[in-house]
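Asker: Supplied in structure tokens, the structure appears directly below.
The values are calculated or read from the model by the stated rules, or taken from the named source; none is laboratory data. Just so it is clear, the model here is predicted, and its values are computed rather than measured. Glycine also receives a Cβ, built like all others from the backbone with ideal geometry; neighbour counts cover every protein chain displayed. SASA here: full protein model, heavy atoms, side chains in, ligands and nucleic acids out. Shrake-Rupley method; radii C 1.70, N 1.55, O 1.52, S 1.80 Å.
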Amino acid sequence: MVKGVVLTIGNFDGVHVGHRKLIDTVIRYACREKKPSVLYTFSPHPHQVLFPERQHRLLYSIKKNKSLLKDMGLDHLIVEPFTSHFSKLSPEKFIEKYIVNIMQPTFIVVGYNFRFGIGSAGSTPLLEKLKKKHNFRLKVVSPVKRKGIVVSSSAIKKAILSGHWDLVSAFLGRFFSITGLVVKGEGIGTTLGFPTINLKVEDSVLLPMNGVYTARVRKENQYFQAVVNIGQTPTFSHNCLKKIEVHLIGRDEQWRDKECEVEIVGYIRPEYKFPDSQALIHQINKDIVQARLRLEQIP
């Protein structure tokens, strides 16, 4: 295990602009101190272990979060298995056993609202006391605001579920994306003249409210214009299962059993039950026109 590090600790779900400020600070201090930069996080998310009845949803899968974090330029990413036993550590024991004894940090960088240890009893004032005992320096990073709101993973989830996509993009510093495996659909889109890619996503990942969205599909280093329907397709189905159907505008791609990332650019309309297929086709054509206009505005 690497020792003598500049370290940050947290959950980092979504890797939003607040997280990026924290990580940039770690990297800057590590360069100045000529020490390795390390990010220490947890999997699964602590809330999924501590409060399983709440069905805690993540902005991104653990795999996606790890990918985003690795792209930030850190020297090391450590993912600690979060268990019920681990959650019972006192704040002091966690810092001593898992942080100081293993990594011997010279500098710890945390967010203003950082909590740790059993019952989230540990906070930045406690770290201020522990830094003297364990001989590390401490930097507490102030909150980041966008549009007058403090950026947090919970604020992003609230914006997604209420359809405020301008806030979502501002908080994340990029478009929100959904990553899933392409699976076989019912073929309804093809019969209508609008073939779709159907995505299966992890149950733990948050999905937007039902509706039709302007989107971009990313495959390797290419982007494809798209319209996405999230919901139960009520015109043709009484199935209550939520589906993600992606129509690539002007294309008919077959990516079965491959992973696909869909960036949600904006909201178009609610999901409706149409009287017949012709009414639906007419509306889809209008959706495509609206999506193209929005996508052409992206640099």
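Asker: Pull out the extension gain between Arg218 and Ile298, defined as 0.36 nm times the separation in residues minus the alpha carbon to alpha carbon distance; nm, one decimal.
Answerer: 27.4 nm
Asker: Assign unit charges at the C-beta atoms only (+1 for Lys and Arg, -1 for Asp and Glu), then state the dipole size of the range 74-158 relative to its Cα centre in Debye, rounded to the nearest 20.
Answerer: Values: 15 positive and 5 negative charges, 85 e Å.
Result for the range 74-158 is approximately 400 debye, rounded to the nearest 20.
Asker: Measure up Lys200/Lys242; Lys21/Lys129; Lys70/Lys132; Lys64/Lys200 against 20 Å on the Cα-Cα distance and list the ones that go over. All intermediate terms of the calculation are to be shown ahead of the outcome.
Answerer: Numbers: Lys200/Lys242 10 Å; Lys21/Lys129 24 Å; Lys70/Lys132 31 Å; Lys64/Lys200 15 Å.
In this structure, Lys21/Lys129; Lys70/Lys132 lie more than 20 Å apart at Cα.
Asker: Also, I was wondering about something else. Straight-line reach only, C-alpha to C-alpha below 27 angstrom: list the lysines that Lys133 could link to, leaving out same-chain residues fewer than 8 apart.
Answerer: Those lysines meeting the cut-off are Lys3, Lys34, Lys35, Lys88, Lys93, Lys97.
Asker: Given Cα pairs under 8 Å that are at least 6 residues apart, what percent is the relative contact order of the chain? Don't jump to the answer; show the numbers that get you there.
Answerer: Details: 527 pairs, mean separation 48.2, N = 299.
Reported relative contact order: 16 percent.
Asker: What is the extension gain from Glu33 to Gln278, computed as 0.36 nm multiplied by their sequence separation minus the C-alpha to C-alpha distance, in nm to one decimal? Before the final figure, lay out the partial values.
Answerer: Details: separation 245, 0.36 × 245 = 88.20 nm, distance 6.61 nm.
Result for the pair: 81.6 nm of gain on full extension.
Asker: Can you pull out the trypsin sites (Lys or Arg not before Pro) in the range 253-299 whose DSSP state is coil and whose Cβ has at most 13 other Cβ atoms within 10 Å?
Answerer: Numbers: sites: Arg256, Lys258, Lys273, Lys286, Arg292, Arg294; in loops: Arg256, Lys258, Lys273.
Loop-located and lightly packed - Arg256, Lys258, Lys273.
Asker: Okay, next question. Do any GluC sites (Glu not before Pro) in the range 248-291 lie in a loop, going by DSSP, with at most 16 other beta-carbon atoms within 10 Å of their beta carbon, and if so which?
Answerer: Details: sites: Glu253, Glu259, Glu261, Glu263, Glu271; in loops: Glu253, Glu271.
Within the range 248-291, the qualifying GluC sites (Glu not before Pro) (loop, at most 16 other Cβ atoms within 10 Å) are Glu253, Glu271.
Asker: Might you report the magnitude of the Cβ-based charge dipole of the range 154-299 about its Cα centre, with Lys and Arg at +1 and Asp and Glu at -1, to the nearest 20 debye? Kindly include the intermediate steps, with their values, before the conclusion.
Answerer: On the way: 18 positive and 16 negative charges, 41 e Å.
Dipole magnitude for the range 154-299 comes out near 200 debye.
Asker: On full extension of the chain, what length is gained from Lys129 through Gln254, given 0.36 nm per residue of separation minus the C-alpha to C-alpha distance? Please report the intermediate quantities before stating the final value.
Answerer: Values: separation 125, 0.36 × 125 = 45.00 nm, distance 5.81 nm.
Between Lys129 and Gln254, full extension yields 39.2 nm more.
Asker: At 7 Å along the Cα-to-beta-carbon direction for both Lys200 and Asn285, put a label point, then send me their distance in nm to one decimal.
Answerer: About 3.5 nm, to one decimal.
Asker: Who wins for biggest fluctuation among Pro125, Pro195, Pro81 in a Gaussian network model of the chain, springs between alpha carbons below 10 Å?
Answerer: Pro125
Asker: Over the Cα atoms of the range 164-299, Rg to Rh with Kirkwood Rh, two decimal places? Don't jump to the answer; show the numbers that get you there.
Answerer: On the way: Rg = 14.1 Å, Rh = 15.2 Å.
Reported Rg/Rh (Cα atoms, Kirkwood Rh): 0.93.
Asker: For the charge dipole of the chain, defined by +1 on Lys and Arg C-beta atoms and -1 on Asp and Glu C-beta atoms about the Cα centroid, which residue among Asn135, Gly266, Leu280 has the Cα displaced farthest towards the positive pole?
Answerer: Asn135
Asker: OK, next. DSSP loop GluC sites (Glu not before Pro) in the range 178-245 with at most 11 other Cβ atoms within 10 Å of their Cβ, which ones? Write out the running numbers ahead of the final one.
Answerer: Values: sites: Glu186, Glu202, Glu220, Glu245; in loops: Glu186, Glu202, Glu220.
Passing both the DSSP loop test and the Cβ count: Glu220.
Asker: Whose amide H sits under 5 Å from the amide H of Leu58, counting only residues 5 or more places off or on another chain, with H placed in the peptide plane?
Answerer: When sequence neighbours closer than 5 places are left aside, the close amide H contacts are Val205, Leu206.
Asker: I've got another one for you. Give the calculated FRET efficiency between Met1 and Ser154 to the nearest 0.05, with a Förster radius of 41 Å applied to their Cβ-Cβ distance.
Answerer: E between Met1 and Ser154, to the nearest 0.05, is 0.80.
Asker: A further question follows. From the gyration tensor of the Cα coordinates in the range 65-190, what semi-axes in whole Å does the equivalent ellipsoid have, largest first, with each one equal to sqrt(5λ)? If you can, show how the numbers build up before the last one.
Answerer: Working: eigenvalues 250, 79, 45 Å².
For the range 65-190, the semi-axes come out at 35, 20, 15 Å.
Asker: Helix 17-33 against the longest principal axis of the chain: what's the angle in degrees, Cα atoms only, rounded to the nearest 10?
Answerer: 40 degrees
Asker: In whole Å, what are the extents of the range 88-136 along the principal axes defined by its C-alpha atoms, from largest to smallest?
Answerer: Principal extents (Cα only, largest first): 25, 22, 15 Å.
Asker: How far is the Cα center of the range 1-25 from the Cα center of the range 93-166, in Å?
Answerer: Each part's Cα centre sits 9 Å from the other's.
Asker: What is the angle, in °, between the Cα long axis of helix 153-162 and the longest principal axis of the Cα atoms in the chain? Nearest 10 is fine, range 0 to 90.
Answerer: Taking the Cα atoms of the chain, the angle to 153-162 is about 20 degrees.
Asker: Treat every Asp and Glu Cβ in the chain as -1 and every Lys and Arg Cβ as +1, leave all other atoms uncharged, and give the resulting dipole magnitude about the Cα centre to the nearest 20 debye. It would help to have the intermediate numbers written out before the result.
Answerer: On the way: 44 positive and 26 negative charges, 269 e Å.
Charge dipole of the chain: 1300 debye, to the nearest 20.
Asker: Return one whole number: the accessible area per residue of the chain in Å², for a 1.4 Å probe. Could the numbers behind the result be given before it?
Answerer: Working: 15350 Å² over 299 residues.
Solvent-accessible surface per residue comes out at 51 Å².
Asker: Shifting gears a bit: For Lys258, list the aspartates and glutamates whose Cα falls under 14 Å from its own Cα; do not include residues on the same chain fewer than 8 positions away.
Answerer: Within the straight-line limit of under 14 Å, Lys258 reaches these aspartates and glutamates: Glu220.
Asker: Further question on the same structure: Run the accessible area of the range 28-107 with a 1.4 Å probe and give the carbon-and-sulfur part as a rounded percent. The partial results should precede the final answer.
Answerer: Values: 2280 of 4360 Å².
Heavy-atom surface of the range 28-107 belonging to carbon and sulfur, 1.4 Å probe: 52 percent.
Asker: On to the next question. Running Debye on the chain with equal point scatterers at the Cα sites and no solvent, what base-10 log of I(q)/I(0) appears at q = 0.13, 0.15 Å⁻¹?
Answerer: For the chain at q = 0.13, 0.15 Å⁻¹, log10 I(q)/I(0) is -0.94, -1.14.
Asker: Oh, and also: Given the options Gly148, Phe176, Val49, identify the residue whose Cα lies farthest towards the positive end of the charge dipole of the range 22-177 (+1 on Cβ of Lys, Arg; -1 on Cβ of Asp, Glu).
Answerer: Gly148
Asker: Moving to a separate point now. Rounded to a whole number, what % of the accessible area of the range 113-225 do carbon and sulfur atoms account for, probe 1.4 Å? Walk me through the intermediate numbers first.
Answerer: Numbers: 2980 of 5860 Å².
Ligands and nucleic acids excluded, carbon and sulfur give 51 percent.
Asker: Further question on the same structure: Projecting each Cα onto the charge dipole of the range 80-130 (Lys/Arg +1, Asp/Glu -1 at the beta carbon, about the Cα centre), which of Thr124, Pro105, Thr83 comes out farthest on the positive side?
Answerer: Final value for the positive-end residue is Thr83.
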